[in-house]
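The values are calculated or read from the model by the stated rules, or taken from the named source; none is laboratory data. From a predicted model like this one, the values you see are computed outputs, not experimental measurements. Cβ placement follows ideal geometry from the backbone for every residue including glycine, while neighbour counts extend to all protein chains displayed. The protein model used for the area step is the full one, side chains on, heavy atoms only, and it has no ligands, DNA or RNA in it. Shrake-Rupley method; radii C 1.70, N 1.55, O 1.52, S 1.80 Å.
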Amino acid sequence: MTKTLLAVTIAGLLFSGSAGAEELLIIANPSVNVTAPLSFGEIAAIYLLRTIAWPDGSRIIPVNREAGSEARTNFTARVLQEDNASLTIYWNEMHFMGKMPPVVQQSEQAMLAFVQSVPGSVGYISASMAPVNVKVLARVP
Amino acid sequence: MNRRRPLRYRDASRVAVLSCVLCLIGRGARADADYELGHGIDVGPINFAGYSDLVANVPSRGTGSLVLNDLSLFVSGHIGQLFNPFTEVELADLGLIHARAAPGDDHGTGDLVLERLYNDSYLSDSITLRLGKMLAPVGEWNVIHAAPLVLTTVRPAVTYRNFSEYATGISVLYSDPSARFPDFQVYWQPSGEFSERPSHLTVHQYRGVAGVHVSFPLGLLDKLGFSFQHSKDVLGVDQSLLGTDYHYSVGQLTLQGEGTYSDISDNGVIHNHDTEWAAYAAASYTVAEQWSVYAWYEGFLDRTAPSTAQDVLLGIAYKYEPALVAKLEYLQNIGGQPVNRTGLYASFSVLF
């Protein structure tokens, strides 16, 4: 009986955690000329530095939230589908090989402001935030 | 340890001036971003980064030393589709305490070394044209050799000693954005190497190099690679090398290794062997978030050595952050003429 209660409790916590994960919007600077929506694979290719230029040849500047933030954790799990430790090692290796890892912004407001102002940038915010002066490339439920 | 090539101070000054000029180009896009250790500092479209590696060595025979093994600065510019320069200059092998083993020994005096100086042009979203001096992609260690990024303080000989570590010339790199196909890089160095290191710093000096590396991605960090490199050294000796490298993780366990086999023409130069082979196999295990233990074995048969050198290494690493690592390890030579000295090694390295 105790085991059953424990299992139900854990399942409930997992379910509530999943349901509670906030929807994300993938946003880009208005100058970005690309057909939305992008697939998760295309977004992952940007953040894994395998796609480094938009179709018009302009440079992509991926933007990440700070390590440990809920938004970054959700984005990493749902879009990149990699663990944070491996990603950090990967980005450090890519940086040493001449590719630029995603830049980091410490808050949702800072992320939005950066993407609004920097041509070629792409980032993510929670869907509860108004995507003003940015282009929405995808939704992450 | 790594082999270095000195850069004349006049050349270094030119590189520094070039870097400063590049800083003035463009406006600050990434400069608005927050600093993250290991990602460098952005000034406009230019990124300044580097790493340092402090190594203490207590050999079983001879004098111990404390050496600034590397103080490296790498600068990358992302100006446009066709102009993306990259350079890496480092101060290498600077002895701080008891670095000279004997009078006349050049070790520990410090060398300013040009590691890389090239431009990348992105011809498409999967093809890059590289011109200049670059690291030759033989195995994985040689192209990701920054101390905080590699497994151990002591570098297995197979990862640098019996092939050309650099190529000065042209290279084409292919990388499929969706990673459906293997990555590959072909490269060609038609003559001598730019800013070549003198003979006292290297075993071989090369006059022509060509090669290819193919890497099959098995995961974000996991891969299986194959290398071929043909080279001709300053003595006219031809060498054809075949190599393989792998990196594979299962849970907390990571396996990695490299192996090479070379066919060597004698061309009048006396060798003990017409072939040369080497391999290392390593395992590391993450015991806690910041702690890991590791070990490797290496066999190395140099063309001039009478028998195969065999080394075993055991170590422990503490990662305060992924870009800030302390390592303590012990290497034991168990056969053949040693390439690395038996003893205790400790290092502290940071990628900044």
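Tally the residues that are modelled with pLDDT of 90 or more and either in contact with a Lys or Arg (Cβ under 7 Å, 6 or more places away or on another chain) or within 12 Å of chain A (Cβ to nearest Cβ) (or both), restricting the search to segment B:41-69.
8
For segment B:333-352, give me the residue count where each residue is farther than 27 Å from A:Trp91 by Cα and open to solvent by 70 Å² or more (accessible area, probe 1.4 Å).
Selection size over segment B:333-352: 5.
Can you tell me which residue among B:Ala282, B:Ala295, B:Ala278 is closer than 18 Å to B:Tyr330 by Cα and in contact with a Phe, Trp or Tyr (Cβ under 6 Å, 6 or more places away or on another chain)?
Only one candidate passes the filter, namely B:Ala282.
Given the condition outside any strand (DSSP E or B) and either within 16 Å of B:Ala282 (Cβ to Cβ) or in contact (Cβ under 8 Å) with a residue 60 or more places away in the chain (or both), answer yes or no: does some residue in segment B:223-241 qualify?
Scanning segment B:223-241, I find no residue that is outside any strand (DSSP E or B) and either within 16 Å of B:Ala282 (Cβ to Cβ) or in contact (Cβ under 8 Å) with a residue 60 or more places away in the chain (or both), so the answer is no.
Would you be able to say whether some residue in segment A:78-88 is touching a residue at least 40 places away in the same chain (Cβ under 8 Å), open to solvent by less than 30 Å² (accessible area, probe 1.4 Å) and under 30 Å from B:Leu151 (Cβ atoms)?
Scanning segment A:78-88 turns up at least one residue that is touching a residue at least 40 places away in the same chain (Cβ under 8 Å), open to solvent by less than 30 Å² (accessible area, probe 1.4 Å) and under 30 Å from B:Leu151 (Cβ atoms).
Would you say B:Val234 is more than 20 Å from the chain's Cα centre (by Cα), closer than 30 Å to A:Asn92 by Cα and of a type in the set (A, V, I, L, M, F, W, C)?
no
Where residues in segment B:239-280 are within 25 Å of B:Ser215 (Cα to Cα) and among the charged types (D, E, K, R), which of them is most open to solvent (accessible area, probe 1.4 Å)?
Restricting to residues being within 25 Å of B:Ser215 (Cα to Cα) and among the charged types (D, E, K, R), the top hit is B:Asp263.
Taking the options B:Gly62, B:Gly80, name whichever one is outside any strand (DSSP E or B) and open to solvent by less than 50 Å² (accessible area, probe 1.4 Å).
Just a single option satisfies the conditions, and that option is B:Gly80.
Would a scan of segment B:211-227 turn up a residue that is in contact with a strand residue (DSSP E or B) (Cβ under 7 Å, 6 or more places away or on another chain) and closer than 20 Å to B:His273 by Cα?
no
Only one of A:Ser39, A:Ser126, A:Ser121 is away from every other protein chain (no Cβ under 12 Å), in contact with a strand residue (DSSP E or B) (Cβ under 8 Å, 6 or more places away or on another chain) and not hydrophobic (A, V, I, L, M, F, W, C); which?
A:Ser126
Quick check on A:Pro131: is it open to solvent by 10 Å² or more (accessible area, probe 1.4 Å), in a loop (DSSP other than H, G, I, E, B) and more than 11 Å from chain B (Cβ to nearest Cβ)?
Against the criterion (open to solvent by 10 Å² or more (accessible area, probe 1.4 Å), in a loop (DSSP other than H, G, I, E, B) and more than 11 Å from chain B (Cβ to nearest Cβ)), A:Pro131 qualifies.
Between B:Ser307, B:Ser284, which is among the hydroxyl-bearing types (Ser, Thr, Tyr) and in a strand (DSSP E or B)?
B:Ser284
Okay, residues lined up against (1) without any contact (Cβ under 8 Å) to a residue 24 or more places away in the chain; (2) open to solvent by less than 40 Å² (accessible area, probe 1.4 Å):
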position	(1), (2)
A:Ile43	no, yes
A:Trp54	no, yes
A:Gly57	yes, yes
A:Glu70	no, no
A:Phe75	no, yes
A:Phe96	yes, yes
A:Lys99	no, no
A:Met111	no, yes
A:Tyr124	no, yes
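Of the conditions (1) crowded, with 20+ Cβ neighbours inside 10 Å; (2) at the interface with chain B (Cβ under 8 Å from one of its Cβ atoms); (3) out of contact with any Ser or Thr (no Cβ under 8 Å at 6 or more places or on another chain), A:Ile27 fails just one. Which one is it?
(2)
Within segment A:73-86, can you find the residues that are within 19 Å of A:Ala138 (Cβ to Cβ) and at the interface with another protein chain (Cβ under 7 Å from one of its Cβ atoms)?
Residue satisfying the conditions is A:Glu82 alone.
Could you figure out which of (1) within 17 Å of the chain's Cα centre (by Cα); (2) open to solvent by 40 Å² or more (accessible area, probe 1.4 Å); (3) closer than 23 Å to A:Ile89 by Cβ isn't true of B:Pro217?
All conditions are met except number (1).
In the set B:Val113, B:Val138, which member is surrounded by 22 or more Cβ atoms within 10 Å (Cβ to Cβ), modelled with pLDDT under 90 and either among the charged types (D, E, K, R) or over 30 Å from A:Ile43 (Cβ atoms) (or both)?
None of the others qualify; the one that does is B:Val113.
Condition first: within 16 Å of B:Ala346 (Cα to Cα), surrounded by fewer than 18 Cβ atoms within 10 Å (Cβ to Cβ) and of a type in the set (Gly, Ala, Ser). Now tell me which residues in segment B:285-325 satisfy that.
Correct list: B:Ala295 only.
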